[in-house]
Amino acid sequence: MDDGDLRRDMVDACRRMNATGLNQGTSGNLSARTGAGFLVTPTSLPYDAMEPGDIVPMGFDGTYEGPRRPSSEWRFHADILATRPDVDSVLHCHSPHATTLACHHRPIPAFHYMVALAGGPTIRCAPYATFGSQALSDHAVAALEGRRACLLGQHGMIALGPTPAAALALAVEVEALARLYLGALALGEPPVLADEEIERVIARMRRRGYGRTVEGDDAEGVARPR
Ligand code: 13P
């Protein structure tokens, strides 16, 4: 895919992210790997006004080109893409239900089998650190180990994928799980599925191509931990 197509896919995913209510205002950001580095959304630009030419090309050392300044969160985009060769796109959003759980530093346990889409028996919550900081990036990389999504304490969530559209699809699933979990908590802490059951679910999802949208069109299955 050339740079232009990727930029258009990124703007499209960002606009859908806000249009579907997953995110609001200029919160959130999105990146996608290119040959030498990555493309990232510019900081503080409303998604409705964002055009493909506004997307910022960056190197992993923090250098960037063009008139727009990169997202304040370029560090975690760079660090995740650098440490996770299994993914090519990183999406961050402040979706309401996932962020509500993150405000209580509550990970999402295997209360529902679809938690397996994120790659394991929990969707972890990274400790809080100031937005844009190296500490936040370090926490996010650790919380994502063997996973494709995590919550960020008192902040939001991150979802990974092979493409911007796939990362967005996983973010939608994580937000739906967060909403269900909050509902289930109204009756008390729900029971969780055993780790072996989640392993079985992951294997079955892979065999059947279940949840293919979060893995992209070429994939055999979903949510392969490293
Ligand atoms: P940017 O506009 O700089 O990408 O910041 C939005 C955000 O959500 C910070 O965490």
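The values are calculated or read from the model by the stated rules, or taken from the named source; none is laboratory data. Keep in mind that this is a model prediction, so the values were computed, not measured. With ideal geometry, Cβ positions are generated from the backbone for all residues, glycine too; neighbour counts draw on all protein chains shown.
For (1) within 10 Å of the ligand (Cβ to nearest atom); (2) under 18 Å from the mean Cα position of the chain (by Cα), each residue gets a yes or a no:
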site: Leu22; (1), (2): no, yes
site: Leu45; (1), (2): yes, no
site: Pro57; (1), (2): no, no
site: Arg75; (1), (2): no, yes
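What's the number of the only condition in (1) surrounded by fewer than 23 Cβ atoms within 10 Å (Cβ to Cβ); (2) assigned to a helix (DSSP H, G or I) that Ala178 fails to meet?
Status for Ala178: all satisfied but (1).
Which residues, counting only those in the stretch 5-15, are touching a residue at least 40 places away in the same chain (Cβ under 8 Å) and surrounded by fewer than 17 Cβ atoms within 10 Å (Cβ to Cβ)?
The answer is Arg8, Asp12.
Out of Ala129, Ala49, Ala135, which single residue is touching a His at 6+ places or on another chain (Cβ under 6 Å), more than 20 Å from Gly161 (Cβ to Cβ) and among the hydrophobic types (A, V, I, L, M, F, W, C)?
On the way: Ala49 fails: touching a His at 6+ places or on another chain (Cβ under 6 Å); Ala135 fails: touching a His at 6+ places or on another chain (Cβ under 6 Å).
The conditions single out Ala129.
Name, by its number, the condition in (1) over 29 Å from Arg15 (Cβ atoms); (2) part of a helix (DSSP H, G or I); (3) in contact with a helix residue (DSSP H, G or I) (Cβ under 9 Å, 6 or more places away or on another chain) that does not hold for Phe111.
Result: Phe111 fails condition (2) only.
For a quick check of your reading of the model, give me the residue pairs whose first member lies in the stretch 144-173 and is farther than 13 Å from Pro107 by Cβ, whose second is modelled with pLDDT under 95 and among the hydroxyl-bearing types (Ser, Thr, Tyr), with beta-carbon atoms closer than 8 Å and at least 6 apart or on different chains.
Close Cβ pairs satisfying both conditions: Ala165/Thr213; Ala166/Thr213; Ala169/Thr213.
Restricting the search to the stretch 50-93, which residues are among the acidic types (Asp, Glu), in a loop (DSSP other than H, G, I, E, B) and in contact with a strand residue (DSSP E or B) (Cβ under 9 Å, 6 or more places away or on another chain)? Please lay out each step first, then the result.
First, pick out the residues of the stretch 50-93 that are among the acidic types (Asp, Glu): 51, 54, 61, 65, 73, 79, 86, 88.
Within this subset, residues satisfying the condition of being in a loop (DSSP other than H, G, I, E, B) are 51, 61, 65, 73, 86, 88.
Those that are among the acidic types (Asp, Glu), in a loop (DSSP other than H, G, I, E, B) and in contact with a strand residue (DSSP E or B) (Cβ under 9 Å, 6 or more places away or on another chain): Glu65, Glu73, Asp86, Asp88.
Suppose we keep only residues that are of a type in the set (Ser, Thr, Tyr) and closer than 22 Å to Met157 by Cα within the stretch 34-74. Which one would you say is surrounded by the most Cβ atoms within 10 Å (Cβ to Cβ)? Spell out the reasoning first.
Start the filter on the stretch 34-74 by keeping residues that are of a type in the set (Ser, Thr, Tyr), which leaves 34, 41, 43-44, 47, 63-64, 71-72.
Checking which are closer than 22 Å to Met157 by Cα leaves us with 41, 43-44, 47, 71-72.
Values: Thr41: 30, Thr43: 16, Ser44: 12, Tyr47: 21, Ser71: 25, Ser72: 13.
Out of the qualifying residues, it is Thr41.
Check off (1) closer than 20 Å to Met205 by Cβ; (2) surrounded by 20 or more Cβ atoms within 10 Å (Cβ to Cβ) for Met114 and give me the number that stays unchecked.
Failed condition: (2).
Give me the pairs, please: first residue somewhere in the stretch 64-92 and modelled with pLDDT under 95, second residue anywhere and within 12 Å of the ligand (Cβ to nearest atom), beta-carbon distance under 7 Å, and either six or more positions apart or on two chains.
These pairs meet every condition: Gly66/Val56.
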